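Participant: Structure below; questions to follow.
Taken together, the values in this text are just the output of simple stated rules run on the coordinates, not laboratory data. Predicted model only: the values in this text are computed from it and were never measured. Heads up, the Cβs are rebuilt from the backbone with ideal geometry, glycines too, and the neighbour counts pull from every protein chain shown.
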């Protein structure tokens with residue numbers, strides 16, 4: 001399934017990713033990740049989110065709110081995943097976008113009685129232009145999305161949450 005004849009496809013180092021995949025085949029723990037982010041309140045409904053020296057803002061009037069960021073994370077994860085796997089198949093992507101939408105109600109967020117405050121459903125559409133892609137390659141890319149999207153997988157199942165609340 002690899003494409004070692006081209007070193008970069010879609011801006012991705014194919015050989016580098018194939019070498020990493022070979023390492024993971026030998027030792028699955030090489031693929032373990034445990035990111036930790038810190039969100040700090042900066043006023044109003046805005047947070048500054050920090051991760052290993054990188055920052056972004058969520059909330060307020062200038063940036064995505066947290067629920068929009070959740071949809072954005074799903075869409076961006078799948079763009080990344082398709083671009084990577086298309087490159088590994090030797091497919092050059094001319095256009096790729098993911099359109100995501102979801103429904104939620106903010107009653108519980110406002111402190112009102114409600115069954116929950118999260119998304120009740122999310123749907124998304126992938127639009128891919130990869131000239132020359134065979135039906136089999138498109139099937140493989142769709143399968144990757146259905147089985148390999150870390151954000152999609154996280155949203156598709158219940159993840160235990162542990163909360164520690166420290167005040168004053």
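Participant: Give me the residue from the range 9-29 that is closer than 24 Å to residue 54 by Cβ and exposed (fewer than 12 other Cβ atoms within 10 Å of the Cβ) and, out of that set, farthest from the chain's Cα centre (by Cα).
Facilitator: Among those that are closer than 24 Å to residue 54 by Cβ and exposed (fewer than 12 other Cβ atoms within 10 Å of the Cβ), it is 16.
Participant: Hey, can you tell me all the residues within the range 124-162 that are in contact with a strand residue (DSSP E or B) (Cβ under 6 Å, 6 or more places away or on another chain) and either closer than 20 Å to residue 101 by Cα or part of a helix (DSSP H, G or I) (or both)?
Facilitator: Going residue by residue through the range 124-162, those that are in contact with a strand residue (DSSP E or B) (Cβ under 6 Å, 6 or more places away or on another chain) are 124-129.
Hits for the range 124-162 are 124, 125, 126, 127, 128.
Participant: Inside the range 37-74, can you point out the residues that are touching a helix residue (DSSP H, G or I) at 6+ places or on another chain (Cβ under 7 Å) and not in a strand (DSSP E or B)?
Facilitator: Once the filter is applied, which keeps residues that are touching a helix residue (DSSP H, G or I) at 6+ places or on another chain (Cβ under 7 Å) and not in a strand (DSSP E or B), the range 37-74 yields 59, 64, 73, 74.
Participant: Regarding residue 31, is this residue free of Cβ contacts under 8 Å to residues at least 24 places away in the same chain and under 19 Å from residue 100 (Cβ atoms)?
Facilitator: Details: free of Cβ contacts under 8 Å to residues at least 24 places away in the same chain: yes; under 19 Å from residue 100 (Cβ atoms): no.
Spelling it out, it is not the case that residue 31 is free of Cβ contacts under 8 Å to residues at least 24 places away in the same chain and under 19 Å from residue 100 (Cβ atoms).
Participant: Taking the stated definitions as given, is residue 116 surrounded by fewer than 15 Cβ atoms within 10 Å (Cβ to Cβ), within 15 Å of residue 87 (Cα to Cα) and more than 16 Å from the chain's Cα centre (by Cα)? Steps first, answer last, please.
Facilitator: Numbers: surrounded by fewer than 15 Cβ atoms within 10 Å (Cβ to Cβ): yes; within 15 Å of residue 87 (Cα to Cα): no; more than 16 Å from the chain's Cα centre (by Cα): yes.
When the stated conditions are applied, residue 116 does not pass them.
Participant: Could you grab me the full set of residues in the range 75-91 that are out of contact with any strand residue (DSSP E or B) (no Cβ under 7 Å at 6 or more places or on another chain) and assigned to a helix (DSSP H, G or I)?
Facilitator: Within the range 75-91, 76, 77, 80, 81, 85, 86, 88 meet the criteria.
Participant: Let me ask something else. Does residue 62 satisfy the criteria of being surrounded by fewer than 10 Cβ atoms within 10 Å (Cβ to Cβ) and over 20 Å from the mean Cα position of the chain (by Cα)? Break it down into steps so the answer makes sense when it comes.
Facilitator: Details: surrounded by fewer than 10 Cβ atoms within 10 Å (Cβ to Cβ): yes; over 20 Å from the mean Cα position of the chain (by Cα): yes.
Yes; evaluated as a whole, the condition is true for this residue.
Participant: Within the range 146-161, can one find any residue that is surrounded by fewer than 11 Cβ atoms within 10 Å (Cβ to Cβ), within 16 Å of residue 75 (Cβ to Cβ) and in contact (Cβ under 8 Å) with a residue 24 or more places away in the chain?
Facilitator: Taking every residue of the range 146-161 in turn, none turns out to be surrounded by fewer than 11 Cβ atoms within 10 Å (Cβ to Cβ), within 16 Å of residue 75 (Cβ to Cβ) and in contact (Cβ under 8 Å) with a residue 24 or more places away in the chain.
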